[in-house]
Structure formats: structure tokens, C-alpha cells
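The values are calculated or read from the model by the stated rules, or taken from the named source; none is laboratory data. Please read these numbers as outputs of a predicted model, since none were measured by experiment. Neighbour counts run over all protein chains shown; Cβ positions are idealised from the backbone, glycine included. Surface areas here come from the heavy atoms of the whole protein model, side chains and all, with no ligands, DNA or RNA. Shrake-Rupley method; radii C 1.70, N 1.55, O 1.52, S 1.80 Å.
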Amino acid sequence: MVDARMPEFPRGFRWGAATAAFQIEGSTTADGRGPSIWDTFTAEPGRVVDGSNALVASDSYRRYRDDIALLAELGATDYRFSISWPRVQPVGSGAANAAGLDHYERFVDALAEAGIAPLATLYHWDLPQPLEDAGGWLVRDTAERYAEYVGLVLDRLGDRVDRWITLNEPAMTTLEGYALGTQAPGRTLMLGALPTVHHQLLGHGLAVAAIRAAGTAEVGITNNHTLVVPASDRPADLLAAGAFDIVYNRIFIDPVLTGAYPDLSAFGLERFPGLEPGDLEVISAPLDFYGVNSYNPTYVAAPAEGSEFALAGLPFEPVAPPEGTPVTGFDWPVVPEAFTELLVGLRRDYGDALPPVVVTENGASYVDEVVPGDDGEPAVHDDERIAYLDGHLRAVAEAIDQGVDVRGYFVWSLVDNFEWAQGYTQRFGLVHVDFETGERTRKDSFDWYRRVIARQRR
């Protein structure tokens, strides 16, 4: 097992774990919750690889006190969780659902009792289905509806939550949800999905304005970033990697930090779809922190003739990593030094425009097995996950040494959960969940991370 000792992180560094409402809560019809796009998506045969759904998931809506107890045992300073929009506003507009807000009020109060600070994500992919029926993130009105929902949450929880994340990974909503159709809402629009970028970011800007108006809470956004690596030094592959970097990374960060979209001429576009006068000023309002979710680098080449990417008119194609690269259970390459390069690159490219960074998600899925431990109690020996986390935490420390202002690190995830279109086939948690009984079993990685935090907080 990797030794828990780490380079020393800055004083006041925040340590925690992350989850998302749809993935852990279950109780999808309890207390007036309405349907989301993910309820609809998972109900369609063939959408989820194991045919499962999130009706129960980790049962955290009912067992949230168990999860908070785990966080306290872990020594976490913070918990990054998300608020379910359809619990708060079941049809995506109109009055708040009091029962849903009551739950989150009890939840945040329980965190406070445990001495754990809330880092609340306002939108983690669970768009109310009626809004999708009206056009979803393809239409501008959804940004307005989102701002309305944010106001309802602030009215109830604004006196209890000091830090907010507006959106989680808008890139995945656009690319997988609307362009490729591999995640909810399952549309296959390819470049026709681009308006969802702008409308999500506009919603982000409107939410920032609402949070600023409500008080002194800190606010940021979380984007999923990958270091893009050309498959070779051939000019075609270099151009392909640059184009992929634009569509995966830069169209989601440039407007927020610089107030402008990157050049989209590689995609045959002169103007970003949906952009109206004044929008970029709203989107680029100053932030208190910038959330980075990152798991692995992506290797990119020019599209092969006849591939689905070439047929769709895209100038790139993701390819397998170099032979011999270790991979996770998701077949994601494990390259910790790429994480350092990514963080240092953000600082290099955006300079003083980059706010302090919080690593809001980082982790790995592996095949986990519950076995009898030395004391006869259930145990999960997940040395590969420990090695992954150890390497990536050291990568963060190296980025800090190179001048990146990183303020916190959140493991994905606290508990095993419903992993979107992968159902229950992928386990990321520090804590194993028996999805039949809800029983929680701490993995070796839980104890490893607990020791890391304890040493850093001394």
C-alpha cells in the first residue's frame, strides 16, 4: 500500500469528497420531486449498460446522516454535493416545493453540526423533464428558468451555505447529452448542440449575479478538463488536437475567464450560436474560485477516413493511449503527470484571469470486492485506487510548487453510486455500497485518505 505521507499542502487547504444528487439520493418520487431528464433517459431500454436505474441508488436521500458520519470520520473539511432541481422545482418553473427545500435545509444543518462546510452544486445534470420538453438547453429560456430556480434555493439556504458552484461540467451536457447522445437527454445533434454551451454559460452568469445580490457567499463554476495530447507530431494530428481542445476545454472556460469565445473557424462557424449583445459580460462576471474536474488525458488524432467522426464532419478523433499505459476500470489512462501539466497550463494560458483553483473531482473506478478482513469484518482492498489518488495528489502538489493557486481537493466519490449511463458497473467510491441493502463498507482507500487528511490538518 502506498504510504500516506504527502508533500505538505498550504495551510487552510480544503479536503473533501464529492457526490451528485441523482447518483446517490434515490427516492426519485419522494416528497413531490418531479422527473428529470435522467429519469426519462434511464427508463428507455438500452440507454444504461446494465439496464439499471437510480430509483434507489445509494439511498442517500434517506441515509444522508450515515454519509455525513462517514465524512466526519474521514476528517473532511468540506462536502461537495448537489441540489436536485426537480426536488426544488418539480416542473422547472413556478413555486418552490417546500418539502424538497426542507430536506436540503436539514441536510446542511446536519453538516454544520458535524463541523463540515457545504460546497453546494446548484446544477449537476438533472434538468427537469418539462424544460427539456420545451427545448432544454438548446433554448435561451432554460437559462432564465435556471436563474429562477437558483433564487428559490438562495431564499432558503443562502444563510447556511457560504460557497456555491453554479454548474457541473457543462461540457458533458453538451458533448455527451446533446451532441453524441450517450447521456441524457440522449440527443445526437453533433455541432447542432453548440447552443447548449452558450445557454448553460448564460445560466451560470445569471446565477452568479443572483448569488452576489443575495449576500457575501463565494461562487465558482466547475468544468471538466482534459489535457489533450496529439497522437503524433504529424501536422494533421496537431491540428486535430487543437480543434478538440477548443470544443472540449476552451469554449467552456474562455467565455467565463476572458469574456470571449475561441475561434471556431475549424468548425466552419464565424459566430457562436445563441450569442446576443451583453451576454458575455454576464457570463464573465468575476469568480471566487474555479472548479476543475479531471480524471485523465485524452489522445487525439486526425479522423480516420470513414470513421463516425469524419462522417460527422468533425476534425478530430479520440484514440487509444500509448501501449502500456495503465488504465482504470473505465479504461481511462492513468497519467498523473498529465494532471500537473493541465493545471500549470491553465495558469500559463489564463494568468491573473484564473481564480484560485479547487479540484472539485478526481478519482478512479476499479473492480471492488468485499472480502473478510483480518478482523473478520468486511473489507475492500483497493490498492489500485490508492495508487491513483496518491499519484494525482502528488501531481496537484507539484502544480502548487510551480505556482498554481490550488485551494482544495475533492475525491470522486464519497460512496459508490449510480454511474450515469454505466449504471452500477463502475465504482468510484471511497466507501463500497451494497446496492441491494444499502450497507456501507469503508474501502482501504477511505482509511488511506483519512490518514492523508489527518497529517495535513495537524
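A few points about this structure:
- Exactly one residue out of R5, R65 is of a type in the set (K, R) and at pLDDT below 95: that is R5.
- Residue satisfying all of: in the range 248-265; open to solvent by 20 Å² or more (accessible area, probe 1.4 Å) and under 21 Å from Y295 (Cβ atoms); farthest from the chain's Cα centre (by Cα) among these: R250
- Just one of (1) modelled with pLDDT under 95; (2) within 25 Å of G220 (Cβ to Cβ) fails for L311. It is (2).
- Scanning the range 44-102 for residues that are open to solvent by less than 10 Å² (accessible area, probe 1.4 Å) and of a type in the set (S, T, N, Q) yields a total of 5.
- Against the numbered list (1) touching a Pro at 6+ places or on another chain (Cβ under 6 Å); (2) assigned to a strand (DSSP E or B), R80 comes up short only at (1).
- Residue list for the range 156-175, filter: in contact with a helix residue (DSSP H, G or I) (Cβ under 8 Å, 6 or more places away or on another chain) and assigned to a helix (DSSP H, G or I): R156, L157, P170, A171, T173, T174, L175
- Residue check, A143 at pLDDT 95 or above and under 18 Å from A96 (Cβ atoms): no
- When the test is whether a residue is surrounded by 21 or more Cβ atoms within 10 Å (Cβ to Cβ) and charged (D, E, K, R), E169 passes it.
- Candidate set: the range 344-374, residues that are open to solvent by 20 Å² or more (accessible area, probe 1.4 Å) and assigned to a strand (DSSP E or B); chosen: the one nearest to V404 (Cα to Cα): V370
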